[in-house]
Amino acid sequence: MKKLNNTLIFLISLLSLGYALKIDSLEAYDRLLPCLSIILVLFIPKIICKIFKIKIESKIEFIYIIFMFLAQFLGSIVNLYNYIWWYDLFIHFLSGMLTAILALVVMEWFGFSKEKNKWFNLLFMNSFTIMISSLWEFIEFGAFVFLKMDVQHHLTTGVFDTMEDMLIAFLGNIIISIFYLIKFKRKR
């Protein structure tokens, strides 16, 4: 699986660099930053492993790589966010599901997963998802303020897009929470 992850990182980086070379002919200069930054973004799990000296399972890294391909490459670089009206909602829903799963992994890593206390685990999953979606919206707001990139559609929707993105992520989290409760009930 580790070889597959490295191959995917290489292929996505190659696709992104190829797309960056075509940007001038497409006159899509707003996609240059995502083209170049995806290479760094794909290495985040490896960087986290080095800095914090923790092991991230290859399956988790694989899910992360696929998500970044869907969100950043297909969404921002290929521009599916503008061609398919529901694509942004799909990505935020998926991110809510994945951050809820990541919350469970984080609780395991730090050893504070309480098998007997499902309510604490659910509260942590919900809080973690809301925190991550808020941080993402802060990043998008920063892109607007500092880079003049209106990825939040602030100028056309006000706060509607931001609130919709956070709500959809939370709904994705609810799906995982329901599965967690069902699994918890079956264990008993």
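Read-outs: derived from the displayed coordinates by stated rules, not from any lab. Please read these numbers as outputs of a predicted model, since none were measured by experiment. Here the Cβ is made from the backbone with ideal geometry for all residues, glycine too, and neighbour counts use every protein chain on show.
For ILE63 and LEU33, a Förster radius of 22 Å and the Cβ-Cβ distance give a FRET efficiency of 0.35, rounded to the nearest 0.05.
Annotation: lysines with alpha-carbon distance below 28 angstrom to LYS59 (same-chain offsets under eight excluded): LYS2, LYS3, LYS46, LYS50, LYS114, LYS116, LYS118, LYS183, LYS185, LYS187. From most to least packed by mean Cβ count within 10 Å, the peptides 159-171, 87-99, 54-66 give 87-99, 159-171, 54-66. Here the contact order of the chain, divided by its residue count and restricted to Cα pairs under 8 Å and six or more residues apart, works out to 21 percent. When only Cα pairs below 8 angstrom with a gap of at least 6 residues are kept, segment 85-188 shows a relative contact order of 43 percent. Placing unit charges on the Cβ atoms of the charged side chains and taking the dipole of the chain about its Cα centre, the candidate lying farthest along the positive direction among MET68, ILE84, ALA20 is MET68.
In this calculation the C-beta distance from LYS53 to LEU147 is compared with R0 = 35 Å, giving a FRET efficiency of 0.55. Placing +1 on each Lys and Arg Cβ and -1 on each Asp and Glu Cβ, with no other charges, gives the chain a dipole about its Cα centre of roughly 1420 debye. With only the Cα atoms considered, segment 137-178 has a convex hull volume of 57 Å³ per residue.
Packing-wise, with mean Cβ within 10 Å as the measure, how do 9-18, 142-151, 125-134 rank, highest first?
Put in order of decreasing packing, that is 125-134, 9-18, 142-151.
Relative contact order for segment 75-128: 30 percent, from Cα pairs under 8 Å spaced at least 6 residues apart, divided by residue count.
Size descriptors for segment 44-93: radius of gyration and Dmax over Cα atoms are 13.7, 41 Å. The tail of the calculated P(r) for segment 1-78, taken as Cα-Cα distances beyond 16 Å, holds 49 percent of the pairs. Were the residues from HIS154 through LEU181 laid out at 0.36 nm apart, the gain over their Cα-Cα distance would be 6.0 nm.
Ranking PHE138, THR162, THR99 by how far each Cα lies toward the positive end of the dipole of segment 85-188 (charges on Cβ) leaves THR99 at the top. Charges were assigned to the Cβ only: +1 to each Lys and Arg, -1 to each Asp and Glu. The resulting dipole of segment 105-188 about its Cα centre is roughly 920 debye.
Could you tell me the ratio Rg/Rh of segment 85-188? Both radii from Cα atoms, Rh via Kirkwood. Taking Rh as the inverse mean 1/r over Cα pairs, Rg/Rh reads 1.08.
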